[in-house]
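**Student:** If you scroll down you'll find the structure; I have some questions about it.
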Amino acid sequence: MLGHIPVLLDEVISFLHPEQKGTYLDCTIGAGGHSREILERIVPGGSLVGIDQDKEMLNLAEKRLKNYGKNLKLIQSDFAHISEIFKKGERFNGILYDLGLCFFQIRQGERGFSFSVDGPLDMRFNQKQELTAFELINKASPEEIRRILRDYGEEYYADRIVSAIIRERKLSPIRTTLQLEKIVFRAVPGKRKRIHPATKTFQALRIAVNKELESLAKTLPEAIKLLRKKGRVAVISFHSLEDRLVKTTFRKFEKSKLIKVITPSPVVATQMERCINPLSRSAKLRVAEKE
Ligand SMILES: C[S@@+](CC[C@H](N)C(=O)[O-])C[C@H]1O[C@@H](n2cnc3c(N)ncnc32)[C@H](O)[C@@H]1O
């Protein structure tokens with residue numbers, strides 16, 4: 001699977017419990033890891049729709065899942081738009097979100113997601129979108145960059161990092177991931193930390209460029225509407241703000257008796273999975289069932 005190991009796979013399958021002839025929606029199909037396991041359990045009578053806003057990931061999923069031909073439909077879209085996509089009364093037995101990005105996207109330098117590989121400051125999931133990380137870093141006001149680093153990165157050294165960025169961009173535009181990584185590295189004191197000093201800055205920029213929290217806030221209520229009775233929605237998040245949003249949305253809809261929360265506290269990866277797949281360490285799974 002080109003290096004991407006699906007996170008919390010056994011747990012997702014056991015909560016969604018895919019049924020023969022069931023209809024499923026994978027809102028973040030990525031490399032198709034979770035979808036493959038769902039498809040295996042629902043063919044020949046069932047169907048799965050896979051959404052991704054990244055055309056390259058959809059191409060990869062199509063290649064990897066070609067054996068499921070007529071049982072699979074792929075759509076390029078932001079999952080914020082599911083109510084417009086499914087407006088003809090389609091309903092699902094299970095809906096999955098595996099948020100964030102794939103290993104495949106991280107390791108492609110030209111996508112600009114990672115400070116471990118050099119590339120342009122891009123970070124867009126949808127390459128047709130206009131806003132890039134380059135635009136934000138070079139054109140946004142200092143206050144806006146500070147807000148992004150604080151709100152989305154919970155970056156303690158936001159002030160220092162912003163001052164360093166503003167100083168550098170006055171001299172010449174900051175164009176590449178490694179340029180930005182060096183600026184952040186120099187700006188942050190006490191480097192002997194468990195995580196690289198640029199981790200939070202890169203994560204915060206990616207969330208801002210792709211409006212990730214806005215999309216999640218918009219899609220969750222729509223997903224709940226699209227579920228059949230007793231259908232389940234499962235969300236894997238990797239960031240505390242995402243997890244909080246999932247938790248509060250589920251609670252709100254539980255209060256109005258539309259869903260029942262199946263996971264009172266989030267399910268996390270086992271010790272074994274954490275060892276095999278370091279990306280799983282921050283994963284949190286929450287599941288709710290339509291009443
Ligand atoms: C962690 S990967 C999913 C991996 C997948 N579950 C697998 O096992 O291969 C997340 C995927 O969601 C996509 N994505 C992120 N935000 C999205 C959004 N708002 N709408 C649609 N796709 C999105 C990314 O492009 C990426 O391919």
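The values are calculated or read from the model by the stated rules, or taken from the named source; none is laboratory data. What you are looking at is a predicted structure, and each value in this text was computed from that prediction instead of being measured. Here the Cβ is made from the backbone with ideal geometry for all residues, glycine too, and neighbour counts use every protein chain on show.
**Student:** Going through the range 47-67 one residue at a time, which ones are in contact with a Lys or Arg (Cβ under 8 Å, 6 or more places away or on another chain) and of a type outside the set (D, E, K, R)?
**Tutor:** SER47, LEU48, VAL49, GLY50, LEU65
**Student:** Here's something else I'd like to know. When SER116 is evaluated against the numbered criteria (1) surrounded by fewer than 20 Cβ atoms within 10 Å (Cβ to Cβ); (2) in contact (Cβ under 8 Å) with a residue 60 or more places away in the chain; (3) within 20 Å of the chain's Cα centre (by Cα); (4) more than 14 Å from the ligand (Cβ to nearest atom), which criterion, by number, is the only one it fails?
**Tutor:** For SER116, the failing item is (2).
**Student:** What are the residues in the range 139-172 that are in a loop (DSSP other than H, G, I, E, B), free of Cβ contacts under 8 Å to residues at least 60 places away in the same chain and surrounded by 13 or more Cβ atoms within 10 Å (Cβ to Cβ), if any?
**Tutor:** ALA140, GLU155, TYR157
**Student:** Which one is nearest to the chain's Cα centre (by Cα) among residues in the range 77-113 that are surrounded by fewer than 15 Cβ atoms within 10 Å (Cβ to Cβ) and farther than 30 Å from ILE195 by Cβ?
**Tutor:** SER83
**Student:** Which numbered condition in (1) modelled with pLDDT of 95 or more; (2) assigned to a helix (DSSP H, G or I); (3) within 8 Å of the ligand (Cβ to nearest atom) is the only one that GLN105 fails?
**Tutor:** So GLN105 meets the others, but not (1).
**Student:** Then there's this: Any residue in the range 266-284 that is surrounded by 15 or more Cβ atoms within 10 Å (Cβ to Cβ) and within 30 Å of LYS88 (Cβ to Cβ)?
**Tutor:** no
**Student:** Being closer than 23 Å to ALA283 by Cβ, buried (at least 18 other Cβ atoms within 10 Å of the Cβ) and either near the ligand (Cβ under 9 Å from one of its atoms) or not assigned by TED's automatic domain parsing to the domain that holds THR177 (or both) is true for just one of LEU25, LEU72. Which residue is that?
**Tutor:** Matching residue, one of LEU25, LEU72: LEU25.
**Student:** Sticking with this structure for a sec: Assigned by TED's automatic domain parsing to the domain that holds ILE29, over 16 Å from SER35 (Cα atoms) and without any contact (Cβ under 8 Å) to a residue 60 or more places away in the chain: does that describe GLU62?
**Tutor:** No: the conditions fail for GLU62.
**Student:** Just to be sure I understand, how many residues within the range 18-37 are more than 19 Å from the chain's Cα centre (by Cα) and touching a residue at least 40 places away in the same chain (Cβ under 8 Å)?
**Tutor:** 4
**Student:** Let me ask another. With respect to GLY50, determine if the residue is closer than 22 Å to ARG206 by Cβ, assigned to a strand (DSSP E or B) and within 16 Å of the chain's Cα centre (by Cα).
**Tutor:** When the stated conditions are applied, GLY50 passes them.
**Student:** Can you tell me which of LYS200, LYS182 is surrounded by 15 or more Cβ atoms within 10 Å (Cβ to Cβ) and without any contact (Cβ under 8 Å) to a residue 12 or more places away in the chain?
**Tutor:** LYS182
**Student:** Something else now. Does the range 89-102 hold any residues that are modelled with pLDDT of 95 or more, more than 8 Å from the ligand (Cβ to nearest atom) and in a loop (DSSP other than H, G, I, E, B), and which are they?
**Tutor:** Residues satisfying the conditions are GLU90, ARG91.
**Student:** While we're on this one: Being closer than 11 Å to ASN71 by Cβ and either buried (at least 20 other Cβ atoms within 10 Å of the Cβ) or touching a His at 6+ places or on another chain (Cβ under 6 Å) (or both) is the requirement here; does LEU48 meet it?
**Tutor:** Details: closer than 11 Å to ASN71 by Cβ: yes; either buried (at least 20 other Cβ atoms within 10 Å of the Cβ) or touching a His at 6+ places or on another chain (Cβ under 6 Å) (or both): yes.
So LEU48 fits the description; yes.
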